[in-house]
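Report on the structure given below.
The values are calculated or read from the model by the stated rules, or taken from the named source; none is laboratory data. Given the structure is predicted, the values throughout are model-derived calculations rather than measurements. Here the Cβ is made from the backbone with ideal geometry for all residues, glycine too, and neighbour counts use every protein chain on show. Protein only, heavy atoms only, side chains kept; ligands, DNA and RNA dropped before computing areas. Shrake-Rupley method; radii C 1.70, N 1.55, O 1.52, S 1.80 Å.
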Amino acid sequence: MAEEEDDIMSIAADWVDRIDDLSPADKRELAAWLRASPDHGRAFAIMHRLNRDGALFDAAMLLADAALPVDRRTGGAARRRWQRDAGTQPILTRRRVMAAAVGGAIALPLGFAFMQREENPAIFRPAVYASLTAKTARSRLPDGSTLTLDAASRVSTRFGDDRRLIDLERGGARFDVAHDGNRPFTVHTPMADMTALGTSFTVDRLTDASELRVFEGRVQLDVPGKVPLVVTVGQWALVSKTGVQRGNFDPESYSNWQTRWLDADDMRLGYAIDRLARYSPIPIKLADPSLAGRSFSGRFRLDQPEQSLALIGGLFDLNPVHRDGILYLGKGKDGP
């Protein structure tokens with residue numbers, strides 16, 4: 001994996017080195033490479049910003065120097081010499097950047113918005129936003145919308161002249177969408193697409209389902225093979241292999257991950273495990289997958305995953321058991 005990431009960073013650095021001298025054919029080739037993977041756009045954006053921002057470049061180089069082994073002859077850190085041209089911008093070469101990146105000096109800031117437009121309007125850099133286990137994250141999107149991520153969640157974005165596309169790759173997110181009638185704002189999951197009609201809403205990607213809750217405005221729900229639905233404020237929709245379920249909730253009193261609560265109203269046990277796992281430093285699983293369909297109601301702390309798991313398990317005469325680095329919920333004291 002690390003070798004593959006190094007290759008991507010190396011290719012991105014090469015593109016950045018000659019970005020000002022690209023021919024029309026080169027620009028088309030770059031556009032195709034960027035579209036091939038969100039990781040390509042992320043690496044390109046990192047390299048481009050490093051090359052254009054002298055202060056950021058200097059900071060990265062200081063980190064690189066700090067990561068070097070101690071020089072046995074001097075007792076100090078071995079220093080790299082980073083050349084500059086006659087102007088103010090550093091000379092960014094693939095070998096130098098890769099040396100810093102491989103040494104761990106340049107972090108990949110997944111949560112930073114890199115969706116900046118190239119001089120060529122056909123090229124739009126994708127962005128990747130991610131949060132850590134047990135930590136939520138909030139970011140401003142390039143269009144002025146606000147993204148709030150649940151713990152252990154990740155989205156990738158691609159904005160263009162005629163659309164704003166967000167792929168919820170894992171976890172959950174809230175979207176407070178800036179209105180733009182010319183560019184629909186669509187969130188994609190494997191189960192459905194949700195297009196904002198000027199609104200605030202959350203989307204949860206679960207093991208075999210997607211949940212939509214609308215806190216303001218309306219959202220169009222498009223499920224393959226079904227007639228599009230419009231979900232309005234105070235409504236939720238759960239899309240699974242068995243179809244679409246709908247219901248109502250109170251946006252003012254409803255508690256979810258934004259308040260560190262799991263507010264379960266006839267919730268499937270499997271979906272609760274999905275959500276608790278985002279806050280657990282170790283994986284949480286059901287000892288018997290057939291238990292996933294059992295449902296329950298109650299209110300439990302997300303930021304205390306093991307305690308909440310024990311309370312939920314008590315409703316079904318199940319116990320949490322640590323085994324081989326995994327926290328299982330199963331029958332009896334021996335777990336799975």
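Would you confirm, using the coordinates I've provided, whether residue 244 is open to solvent by 20 Å² or more (accessible area, probe 1.4 Å) and of a type in the set (Val, Ile, Thr)?
Judged against the criteria, residue 244 is a match.
Can you name the condition, by its number, that residue 236 falls short on among (1) within 18 Å of residue 191 (Cα to Cα); (2) surrounded by fewer than 17 Cβ atoms within 10 Å (Cβ to Cβ)?
For residue 236, the exception is condition (2).
Suppose we filter 197, 132, 141 for residues that are closer than 24 Å to residue 276 by Cβ, of a type outside the set (Asp, Glu) and at pLDDT below 95; which single one remains? Walk me through it before giving the result.
On the way: 197 fails: closer than 24 Å to residue 276 by Cβ; 141 fails: closer than 24 Å to residue 276 by Cβ.
Every option except 132 fails the conditions.
So is residue 25 under 24 Å from the mean Cα position of the chain (by Cα) and modelled with pLDDT of 60 or more or not? Break it down into steps so the answer makes sense when it comes.
Numbers: under 24 Å from the mean Cα position of the chain (by Cα): no; modelled with pLDDT of 60 or more: yes.
Judged against the criteria, residue 25 is not a match.
For segment 277-336, give me the residue count where each residue is at negative phi and among the acidic types (Asp, Glu).
Our first condition is that a residue be at negative phi; within segment 277-336, this holds for 277-297, 299-316, 318-323, 326-331, 333-334, 336.
Okay, now just the ones that are also among the acidic types (Asp, Glu), so 288, 303, 306, 334.
Within segment 277-336, residues that are at negative phi and among the acidic types (Asp, Glu) number 4.
For segment 168-199, enumerate the residues that are open to solvent by 10 Å² or more (accessible area, probe 1.4 Å), more than 27 Å from residue 284 (Cβ to Cβ) and part of a strand (DSSP E or B).
Those that are open to solvent by 10 Å² or more (accessible area, probe 1.4 Å), more than 27 Å from residue 284 (Cβ to Cβ) and part of a strand (DSSP E or B): 176, 186, 193, 195, 196.
Being closer than 24 Å to residue 278 by Cβ and exposed (fewer than 15 other Cβ atoms within 10 Å of the Cβ) is the filter here; which residues of segment 144-165 pass it?
Pass one, segment 144-165, residues closer than 24 Å to residue 278 by Cβ: 145-157, 165.
Within segment 144-165, 146 is the sole residue that qualifies.
Quick one: is residue 281 over 30 Å from residue 323 (Cβ atoms) and either open to solvent by 10 Å² or more (accessible area, probe 1.4 Å) or more than 22 Å from the chain's Cα centre (by Cα) (or both)? Before the answer, list the steps.
Values: over 30 Å from residue 323 (Cβ atoms): no; either open to solvent by 10 Å² or more (accessible area, probe 1.4 Å) or more than 22 Å from the chain's Cα centre (by Cα) (or both): yes.
Here the answer is no, as residue 281 does not meet what is asked.
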